[in-house]
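Peer 1: The structure that follows is given in the form of structure tokens.
The values are calculated or read from the model by the stated rules, or taken from the named source; none is laboratory data. Everything numeric here is computed off the predicted structure, so don't read it as measured data. Here the Cβ positions follow ideal geometry from the backbone for every residue, glycine too, while neighbour counts run over all protein chains shown.
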Amino acid sequence: MTLLPHHDGSALYVDNDAPDLGDVVTVRLRVPAGYGPLAAVRTRSNPDHEPAWTDAVRIGSVDGWDWWEAPITVRNRRHGYRFVLQHEDGPDGEQGAVEWLNQTGIHRLETLDAEDFALVAHPAPPAWLHEAVMYQVFPDRFARSAEADEHPTPEWAIPAEWDEPVDAVMPGRSQQFYGGDIPGIIERLDHLTTLGVNLLYLTPVFPAASNHRYDASSFDRIDPLLGGDEAYIRLIEEAHARGIRVIGDLTSNHSGDRHEWFQAALGHPGAVEENYYYFTDDANTEYESWLGTPTLPKFNWASDELRERFISGEDSIVAKWLKPPYNADGWRIDVANMTGRLGDIDLNDEVRQLLRETLLRINPDTILLGESTNDAASDLQGDGWHGAMTYPSFTRPLWGWLSEPTGESWFTGEGEEMTEPWFFGQPIGGIPRYTARDFAGAVARFTGGIPWRVRLGNMQPLDTHDTGRFATNAAPGTVPVAVGLSMTMPGVPVVFAGDEFGLTGADGEASRTPMPWGTEAESATAALLAQYSDLIALRREHPVLGSGGMRWLHIDDETIVFVRESAAESVLVLATRGGADVEIPAGALAGAESAESLFGEATLGAASDGSVAVTADGPAFAAWSLPGVALPDGSLRTD
């Protein structure tokens, strides 16, 4: 790749990632020596939607890079900016070229404000979010303690033995009941410790009439089938003692139709709770629901009483579980993208901001993640969610690149090969066949509109309880490539319980397989568990992978190479499906001659001219530790 100017939101380039309005933030641009030559470098901001400019000054050169620095006064809560590079005029009087640098790269034409770099003048998330490796548990299928045998089977349930296959067809799809419980999770916390994860995310634990519990009948107590409130308190205490934080899952878009609030209003016009929902007839018997599902009536966030009772009140649902004696460490909000939205009503920003305000008031050391499974950029501007469970910026393109074609394949007519009849619920004919270049392009496209600080909080799962398992379609040898990318790209790595055992499943129900405890010593499972542990350790032991900057160094159809950078350390990453024979040009990477291998079977060689050769047989994932980025005198933060 040609060396290009670079900027991102990390500490190398921004001296304050949590400014207040009115603060002056210093931003820095890194330009390859000899690029241009440049007559001027400026920043272009857009405060109050009126362009504002500042001039950058060249402050020094280090390791073949010129560094430019400019001040920006933060005028809006999301303050966008880009760099403008003006080249010197040509020898025959031709006007020098103008280039624009934003989050999607360098451009010869003007760019969209939505893709600008952005400073966020809202309180930053707790620092521990950048150190987190998340482990997702679906309670009914994780572990069943002896206490579960003492609980009567609920009337809605279809009982299943732990080794029975998942029934992916209704009614079993939602009613099949394995009886996993919270004491069972507690008994398996040492498994999480062995893996090295430090953030436990539980899908809903409130009483409900389904195995997934997204149809809560109350938010005010923990399902007795899971062990009740006392078990939840004990789980969080035991997890905290092991250095593991715990977040819950809350449905802000809807409740279940058995919920006490809904039942108080159903058929009872004039009830206090009737304004919590969208009743569409005078008798309060017809109502709006999530995607027309009658068991999931939709909340009406125009109700001040609902806001008080659910979010903002001192004893609200959101606040209760963050306080002693429970002390949960935050929330993942289900269907965050639809919350407060219905036709011409859009209260989503008010709800997410209210949620954030409550977390800050109750415990500012907690996190708030929203589910927004498609293009999430418009909701991810820092005013509410610290990040999102979202798929197009990592998960879906990863599947497209690293999945194996099965059965007959065909082409759409636009050069895109398709396989499989299912792809994340999208009726597009199957899993698209992507190249590594396509993967990198999708990452750039779907993160280009998200402030860097928020991008670092986005979850990066290979799969979740709502999707098939990646291993179901993974090409041979690509699982460590996929896991390695989750651990090293900007964002929060996620392991869905069972991935580390090699579980498979074709969709979001078949993937909810009970954990195969007792198979850990089997050779294939033991090898996979060790691989997961090693890759999680890579993430945990190198802080630059949590908060450092990122530069692409090479992209082709089979291979990507990038570097995560800070002043303290850099980590070079190679991921390839078909094998790599890559030359990184001189000047792109300083310190490669002292590179230390961290993971993988690949070869790195540094030439005397400063170029770097990286080779590997595919599929392969590899990482190396390098010295941190050298900065000019008077540098920005060095963390």
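Peer 1: Please work out if Tyr214 is within 27 Å of the chain's Cα centre (by Cα), in the same structural domain as Thr366 (by TED's automatic domain parsing) and part of a loop (DSSP other than H, G, I, E, B).
Peer 2: Yes.
Peer 1: Here is a follow-up. Pairs needed: first member in segment 419-438, in the same structural domain as Trp401 (by TED's automatic domain parsing) and more than 26 Å from Asp556 (Cβ to Cβ); second member anywhere, small (Gly, Ala, Ser) and at pLDDT 80 or above; C-beta distance under 6 Å; at least 6 residues apart or different chains.
Peer 2: Pro421/Gly430
Peer 1: Additional query: Please verify whether segment 321-339 includes one or more residues that are surrounded by fewer than 18 Cβ atoms within 10 Å (Cβ to Cβ), among the basic types (Lys, Arg) and touching a Leu at 6+ places or on another chain (Cβ under 8 Å).
Peer 2: No.
Peer 1: Suppose we keep only residues that are part of a loop (DSSP other than H, G, I, E, B) and small (Gly, Ala, Ser) within segment 427-459. Which one would you say is farthest from the chain's Cα centre (by Cα)?
Peer 2: My answer is Gly429.
Peer 1: For segment 423-437, enumerate the residues that are at pLDDT below 90 and surrounded by fewer than 18 Cβ atoms within 10 Å (Cβ to Cβ).
Peer 2: Hits for segment 423-437 are Gly425, Gln426, Pro427, Ile428, Gly429.
Peer 1: Would you list the helices (runs of 4 or more DSSP H) that sit entirely within segment 460-559 and hold 3 or more residues that are free of Cβ contacts under 8 Å to residues at least 12 places away in the same chain and not charged (D, E, K, R)?
Peer 2: 523-541
Peer 1: If we scan segment 127-136, do we find a residue that is buried (at least 16 other Cβ atoms within 10 Å of the Cβ), in the same structural domain as Leu189 (by TED's automatic domain parsing), among the hydroxyl-bearing types (Ser, Thr, Tyr) and not in a loop (DSSP other than H, G, I, E, B)?
Peer 2: Yes, segment 127-136 contains a residue that is buried (at least 16 other Cβ atoms within 10 Å of the Cβ), in the same structural domain as Leu189 (by TED's automatic domain parsing), among the hydroxyl-bearing types (Ser, Thr, Tyr) and not in a loop (DSSP other than H, G, I, E, B).
Peer 1: Another one. Cβ-Cβ distance below 7 Å, separation of 6 or more or different chains: which pairs start in segment 173-188 with a residue that is farther than 22 Å from Asp229 by Cβ and end on one that is of a type in the set (Val, Ile, Thr) and in a strand (DSSP E or B)?
Peer 2: From residues that are farther than 22 Å from Asp229 by Cβ, the pairs are Gln175/Ile158; Gln176/Ile158.
Peer 1: Would you list the strands (runs of 3 or more DSSP E) that sit entirely within segment 14-89 and hold 2 or more residues that are within 15 Å of Phe117 (Cβ to Cβ) and outside the structural domain of Gln381 (by TED's automatic domain parsing)?
Peer 2: Because the criterion is at least 2 residues that are within 15 Å of Phe117 (Cβ to Cβ) and outside the structural domain of Gln381 (by TED's automatic domain parsing), the strands (runs of 3 or more DSSP E) in segment 14-89 that meet it are 24-32, 38-45, 52-55, 65-73, 78-87.
Peer 1: Right, here's the next one. Within segment 254-264, can one find any residue that is in a helix (DSSP H, G or I) and either free of Cβ contacts under 8 Å to residues at least 12 places away in the same chain or within 28 Å of the chain's Cα centre (by Cα) (or both)?
Peer 2: Looking for residues that are in a helix (DSSP H, G or I) and either free of Cβ contacts under 8 Å to residues at least 12 places away in the same chain or within 28 Å of the chain's Cα centre (by Cα) (or both), one finds at least one in segment 254-264, hence yes.
Peer 1: Looking only at residues in segment 95-108 that are β-branched (Val, Ile, Thr) and under 17 Å from Arg551 (Cα atoms), which one is surrounded by the fewest Cβ atoms within 10 Å (Cβ to Cβ)?
Peer 2: Top of the filtered list is Ile106.
Peer 1: Test of understanding: among Asp48, Asp55, Asp92, which residue is over 16 Å from Trp452 (Cα atoms), free of Cβ contacts under 8 Å to residues at least 12 places away in the same chain and surrounded by fewer than 14 Cβ atoms within 10 Å (Cβ to Cβ)?
Peer 2: Matching residue, one of Asp48, Asp55, Asp92: Asp92.
Peer 1: Can you name the number of the only condition in (1) more than 19 Å from Arg221 (Cβ to Cβ); (2) of a type outside the set (S, T, N, Q); (3) surrounded by fewer than 20 Cβ atoms within 10 Å (Cβ to Cβ) that Trp301 fails?
Peer 2: Among (1) more than 19 Å from Arg221 (Cβ to Cβ); (2) of a type outside the set (S, T, N, Q); (3) surrounded by fewer than 20 Cβ atoms within 10 Å (Cβ to Cβ), Trp301 violates only (3).
Peer 1: Identify, from the list Thr111, Thr43, the residue that is of a type outside the set (A, V, I, L, M), surrounded by 14 or more Cβ atoms within 10 Å (Cβ to Cβ) and farther than 24 Å from Ala442 by Cα.
Peer 2: Being of a type outside the set (A, V, I, L, M), surrounded by 14 or more Cβ atoms within 10 Å (Cβ to Cβ) and farther than 24 Å from Ala442 by Cα holds for just one of Thr111, Thr43, which is Thr43.
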